[in-house]
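Here the structure is laid out as structure tokens; the discussion comes afterwards.
The values are calculated or read from the model by the stated rules, or taken from the named source; none is laboratory data. Remember, predicted model here, so these are calculated numbers, not experimental data. Positions of Cβ are backbone-derived with ideal geometry, glycine not excepted, and every protein chain shown enters the neighbour counts. Surface areas here come from the heavy atoms of the whole protein model, side chains and all, with no ligands, DNA or RNA. Shrake-Rupley method; radii C 1.70, N 1.55, O 1.52, S 1.80 Å.
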Amino acid sequence: MANLSLILWAVIPPLLFLWFYYRRTHAAPPPLQLLFFFIFGAISGFVALGLEWTVENVANSVIDWAKIQRSFFGFSLRQIMVIAPIEEGCKLAAVILPICYLQRRYQFRATTVFLFTIAVALGFTAEENWIYWFHGTASILERLISTPVHSMFSAPWGYALGIYIASTRRLNRDRNLIFIAWLNAVFFHALVNILSRAWVYPLPIHFLAYALFPLLLWMFWRLEQLLRKVQRKPPITLISGYTPQTRYWQRSLVLLILLLGGNAIFGLFLLARKLSPLRLEQLFEPDIFSFILKQIAINLSLGVLSWLIYRYLRYLAGRRYFLQLGKY
């Protein structure tokens, strides 16, 4: 019964996220096809785990790989050379192999392939959730926040693959774009893993952890923009200035949005981690309750400020659009 509960906790959040994107995608594939790719993604997660175990055993037989990983450089090298390439490679294979078989009967659109990529990535996440929780190496909160992360990693090559498969003229340029997008996914996959671990190392490496949530916020924004692009919807414009000076100013505001919004989420995450060991009645003790209210107020203020800056940039972009319409 406990194992069934663990499986449900691992599977339901990714499935809800998949349903969220399924409802927002026009001409989405049948749910059974998405479920098939979701299961294939979970299988690819076990394959990646086996490959990582094999590579690390081979490395340990040649050099003292376990000792090397204890340093920040060794840990970063492991993410760049082993973890990220294997996991992104397994997810890419889990999308391409079923599509090669199904293409005998179906002609896929770019949106369909992109949604298949999200389904595989979320299946991979479900497998990771189960592994982490089964071994007790991550909290429920940490894994719930990580639900969309694999989709955010794989979105660039999912978009490039969708464009290539849906094209009537498959050019080498489009095929090369898939590899470039895959390298992009590997880079950001490794970078996120490195930043998420930076807090356990001494200063100044410790400060790198504060870049994690702004980066995740930007990657989520990129996922949303690629979803709009693959559906041939206009992108959400934030940089709309006419002069280079104005555009640099607006880019700095976008960076400020990511820093404020990302660290507001980070602050609430840290608060939840601090409070998770406490019993419910302890949360209402005067000192603890005032601390909770103070932290919530600070982080919500940062979040609201970032949202106001975002709305300001959207207002400027909308005003420029209507001014351009007025010229015609």
Original post:
What pairs can you find where one residue is in region 208-229 and polar (S, T, N, Q), the other is surrounded by fewer than 17 Cβ atoms within 10 Å (Cβ to Cβ) and at pLDDT below 95, and their Cβ atoms are less than 6 Å apart, with a gap of 6+ or different chains?
Top reply: Gln225/Pro235
Original post:
Mind checking whether some residue in region 225-234 is in the same structural domain as Leu115 (by the TED database), polar (S, T, N, Q), open to solvent by less than 60 Å² (accessible area, probe 1.4 Å) and in contact with a helix residue (DSSP H, G or I) (Cβ under 6 Å, 6 or more places away or on another chain)?
Top reply: yes
**OP:** Please verify whether region 126-144 includes one or more residues that are modelled with pLDDT of 90 or more and closer than 17 Å to Phe220 by Cβ.
**Re:** no
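Condition first: more than 20 Å from Leu51 (Cβ to Cβ) and among the polar types (S, T, N, Q). Now tell me which residues in region 77-116 satisfy that.
Gln103, Gln107, Thr111, Thr112
Return the total of residues in region 123-151 being in a helix (DSSP H, G or I) and either hydrophobic (A, V, I, L, M, F, W, C) or not assigned by the TED database to the domain that holds Lys91 (or both).
Taking region 123-151 as the starting set, the residues that turn out to be in a helix (DSSP H, G or I) are 123-135, 140-145, 149-151.
Okay, now just the ones that are also either hydrophobic (A, V, I, L, M, F, W, C) or not assigned by the TED database to the domain that holds Lys91 (or both), so 124, 126, 130-131, 133-134, 140-141, 144-145, 149.
Number satisfying all stated conditions: 11.
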Original post:
Got a sec? Which helices (runs of 4 or more DSSP H) wholly within region 1-82 have at least 3 residues that are without any contact (Cβ under 8 Å) to a residue 40 or more places away in the chain and out of contact with any helix residue (DSSP H, G or I) (no Cβ under 9 Å at 6 or more places or on another chain)?
Top reply: 2-24, 31-62
**OP:** Take region 262-309 and flag every residue that is under 20 Å from Leu238 (Cα atoms) and open to solvent by 50 Å² or more (accessible area, probe 1.4 Å).
**Re:** Leu302, Val304, Leu305, Trp307, Leu308
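What residue, of Leu195, Leu215, Leu203, Leu183, is assigned by the TED database to the domain that holds Lys91, within 13 Å of Ser76 (Cα to Cα) and either at pLDDT below 95 or assigned to a helix (DSSP H, G or I) (or both)? First the steps, then the outcome.
On the way: Leu215 fails: within 13 Å of Ser76 (Cα to Cα); Leu203 fails: within 13 Å of Ser76 (Cα to Cα); Leu183 fails: within 13 Å of Ser76 (Cα to Cα).
Being assigned by the TED database to the domain that holds Lys91, within 13 Å of Ser76 (Cα to Cα) and either at pLDDT below 95 or assigned to a helix (DSSP H, G or I) (or both) holds for just one of Leu195, Leu215, Leu203, Leu183, which is Leu195.
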Original post:
If Arg169 passes every condition in (1) among the charged types (D, E, K, R); (2) crowded, with 19+ Cβ neighbours inside 10 Å; (3) over 18 Å from the mean Cα position of the chain (by Cα) but one, which one does it miss?
Top reply: (2)
Original post:
Does at least one position in region 128-142 carry a residue that is touching a residue at least 60 places away in the same chain (Cβ under 8 Å) and either in contact with a Cys (Cβ under 8 Å, 6 or more places away or on another chain) or open to solvent by less than 10 Å² (accessible area, probe 1.4 Å) (or both)?
Top reply: yes
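Applying the selection to region 257-288, what residues are more than 17 Å from Phe220 (Cβ to Cβ) and either within 21 Å of the chain's Cα centre (by Cα) or outside the structural domain of Gly318 (by the TED database) (or both)?
Taking region 257-288 and keeping what is more than 17 Å from Phe220 (Cβ to Cβ), we get 267, 270-288.
Scanning region 257-288 gives Gly267, Leu270, Ala272, Arg273.
Only one of Glu88, Glu56 is open to solvent by less than 60 Å² (accessible area, probe 1.4 Å) and under 21 Å from Thr137 (Cα atoms). Can you tell me which?
Numbers: Glu88 fails: under 21 Å from Thr137 (Cα atoms).
When all the criteria are applied, what remains is Glu56.
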